[in-house]
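The values are calculated or read from the model by the stated rules, or taken from the named source; none is laboratory data. Source: prediction; values computed, not measured. Positions of Cβ are generated from backbone atoms using ideal geometry, with glycine treated the same way; all protein chains shown enter the neighbour counts. Note: areas computed on protein heavy atoms with side chains; ligands, DNA, RNA excluded. Shrake-Rupley method; radii C 1.70, N 1.55, O 1.52, S 1.80 Å.
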Amino acid sequence: MARLILLLGDQLSAGLSSLAEADPGEDVVLMAEVAEEAHYVPHHKKKLAFVFSAMRHFAEELRCDGWQVRYTRLDDPENSGSLIGEIERARAEIDVDEVLCTEPGEWRLRQALAAVPDLTLLPDTRFLIDPAGFRAWAQGRRQLRMEYFYRDMRRRTRLLMDGDQPAGGEWNYDHDNRGTPPPGTETPSLPAFEPDTITREVLALVERRFPDNFGDLQPFALAVTRADAEKARDHFLAHALPRFGDYQDAMRRGEPVLFHAHLALYMNIGLLDPLDLCRRAEAEWRAGRVPINSAEGFIRQILGWREYVRGIYWLHMPRYADVNALEARRPLPDFYWTAETDMACVRDAVEQTHAHAYAHHIQRLMVTGNFALLAGIDPYLVHIWYMAVYADAYEWVEMPNTIGMALFADGGIMGSKPYAASGAYIDRMSDYCAGCRYKVKLKAGPDACPFNYLYWDFVARHRDRFARNQRMGPIVRNFDRMTDERKAEIRADSARFLDALVPAGSRWNG
Ligand SMILES: Cc1cc2nc3c(=O)[nH]c(=O)nc-3n(C[C@H](O)[C@H](O)[C@H](O)COP(=O)(O)OP(=O)(O)OC[C@H]3O[C@@H](n4cnc5c(N)ncnc54)[C@H](O)[C@@H]3O)c2cc1C
Ligand code: SF4
């Protein structure tokens, strides 16, 4: 009897464990675009188009390789609207005795699939450590620091190792990742991929079905096939990786990508293999084409951070979705959706997110994330925003980054201290402040950079908690040394600014 191979939207990999188990001559692959997935957060239009188009292309490739594929389009009249409904519909029409699926990446889906009879879940071998392996690593450790996890992963995968020593002599070249490009530095442009007939159909569908969703649908130039994603990968390795290390933390107005890879969306959907990408980055260094701070910095993000956040997600779900250690309750401000704010750094990050469904890590962490942290925005609402607006957003990776890394809402599972910063950090790492209506050097008053007083207001609000934190202690002591007048000024400036924030409409606010 045939088996049904349920293939999810982010499982577009030829080497997927469920496909490896299946028989193309006997078994039927089920793929479905369903309303439930398209609507559970208000996804960016480009993200929807990217996922649907990549799914349709992958289904075509499977058919060409001899697979029987049952594909439900979003606008099929028979579409039940849910994955479970599509499994049931398929089972009513085809005689199947088992449903095979590679483990879904998200808790929500794993829970939903638990109700499917005769379901076999297979491990997702595209990751370099499975949740059980991460749990074993975490067992008995007081703190789960990414750096130690990363070193273990280097040893385990043999990436960037010379014998039992780190290649180049050091495990981590983070100290060489903090430059800013001098004015006039040319940045490589991303390769653009012309939409084909399938993509054009999807673009029309998204425009029709999701006219009010956030984001620009056009121009659409993303890769939607593995072959094109590999072209994007090769372009990155040749043109951006050499300077990725130097300028990893830099931000520049109107330059969304700088020397970043813009490859997370392709890895997360399954079009690129993370281990292969790391090996290629290492080969570039060994061939003398990129410096060690670039190769190591890049590999650390994938082998270290990417695997680490997934481990944290599975270790702590489902509780992780509800954590709110700092008791942040403020609604998400409207400017996260409209970009209508005088803060030039936030405006630029939101505008380019609207245009490209992309912002690089430092913008996500130190601009929009930092603002949400300092202003005390409800972590769940911030999580929904990040899930919705980025083309690479899937809960297993987005949630720990948002709730843990950016908002410290997990109380320190991911980081030993919050990534809180005043305007001086943004000024040092970007060219935003020169074009801002606020003055980054001013600490108080209506013209002062809001990050400056909000930073101290944040420290004041959490003074007792942070006084106990080894790394925040000195900052708390600086705050304590301020005069009462200065403290009152910080409180008043912050209250004035925060009270004037316009909350996003209920549609966008949970
Ligand atoms: C608040 C917040 C939300 C985030 N949400 C997501 C998300 O939904 N999806 C996502 O893939 N990443 C997320 N990240 C991590 C990171 O910002 C993105 O992976 C990165 O910006 C993607 O762009 P890039 O491909 O150009 O990455 P690069 O900066 O070029 O980095 C190379 C690769 O390393 C990996 N990587 C780097 N940093 C991280 C990280 N912290 N966690 C996991 N992987 C990492 C990515 O796969 C990325 O493609 C988030 C970070 C923050 C602070
Ligand atoms: S002055 Fe403050 S708000 Fe304006 S761009 Fe600089 S950091 Fe952002």
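The set of residues in the range 93-113 being assigned to a strand (DSSP E or B) and in contact with a Pro (Cβ under 9 Å, 6 or more places away or on another chain) consists of Val99, Thr102. Just one residue in the set Asp457, Asp493, Asp484 is loosely packed, with under 15 Cβ neighbours inside 10 Å and away from ligand 1 (no atom under 16 Å from the Cβ); that residue is Asp484. Before we move on, is Val382 over 26 Å from Pro219 (Cα atoms), hydrophobic (A, V, I, L, M, F, W, C), open to solvent by 20 Å² or more (accessible area, probe 1.4 Å) and within 16 Å of ligand 1 (Cβ to nearest atom)? So Val382 does not fit the description; no.
For the range 288-305, which positions are outside any helix (DSSP H, G or I) and either near ligand 1 (Cβ under 9 Å from one of its atoms) or among the basic types (Lys, Arg) (or both)? If you could, list the steps in order and put the result at the bottom.
In the first step, residues of the range 288-305 are kept if they are outside any helix (DSSP H, G or I); the result is 288-291.
Listed by number, the list holds a single entry, Arg289.
Can you tell me which of Ala355, Ala391, Ala349, Ala444 is within 16 Å of ligand 1 (Cβ to nearest atom), assigned to a loop (DSSP other than H, G, I, E, B) and either open to solvent by 10 Å² or more (accessible area, probe 1.4 Å) or in contact with a helix residue (DSSP H, G or I) (Cβ under 7 Å, 6 or more places away or on another chain) (or both)?
The match here is Ala391.
The test for being open to solvent by less than 10 Å² (accessible area, probe 1.4 Å) and either within 13 Å of ligand 2 (Cβ to nearest atom) or touching a helix residue (DSSP H, G or I) at 6+ places or on another chain (Cβ under 8 Å) (or both) does not hold for Ile413. Which of the residues that make up the range 286-304 are open to solvent by 40 Å² or more (accessible area, probe 1.4 Å) and of a type in the set (D, E, K, R)? Those that are open to solvent by 40 Å² or more (accessible area, probe 1.4 Å) and of a type in the set (D, E, K, R): Arg286, Arg289.
Only one residue in Ala421, Ala504, Ala467 is at pLDDT 95 or above and either farther than 25 Å from Leu144 by Cβ or open to solvent by less than 80 Å² (accessible area, probe 1.4 Å) (or both). Which one?
Residue meeting the stated conditions: Ala421.
Residues of the range 394-432 being of a type in the set (Gly, Ala, Ser) and assigned to a loop (DSSP other than H, G, I, E, B), which ones?
Within the range 394-432, Ala409, Gly411, Gly412, Gly415, Ser416, Ala420, Ala421, Ser422, Ser430 meet the criteria.
Which is open to solvent by less than 20 Å² (accessible area, probe 1.4 Å) and among the basic types (Lys, Arg), of Arg154, Arg108? Only one candidate qualifies: Arg154.
Here is a check on your reading of the model: is Glu307 within 16 Å of ligand 2 (Cβ to nearest atom) and either open to solvent by less than 20 Å² (accessible area, probe 1.4 Å) or acidic (Asp, Glu) (or both)? No.
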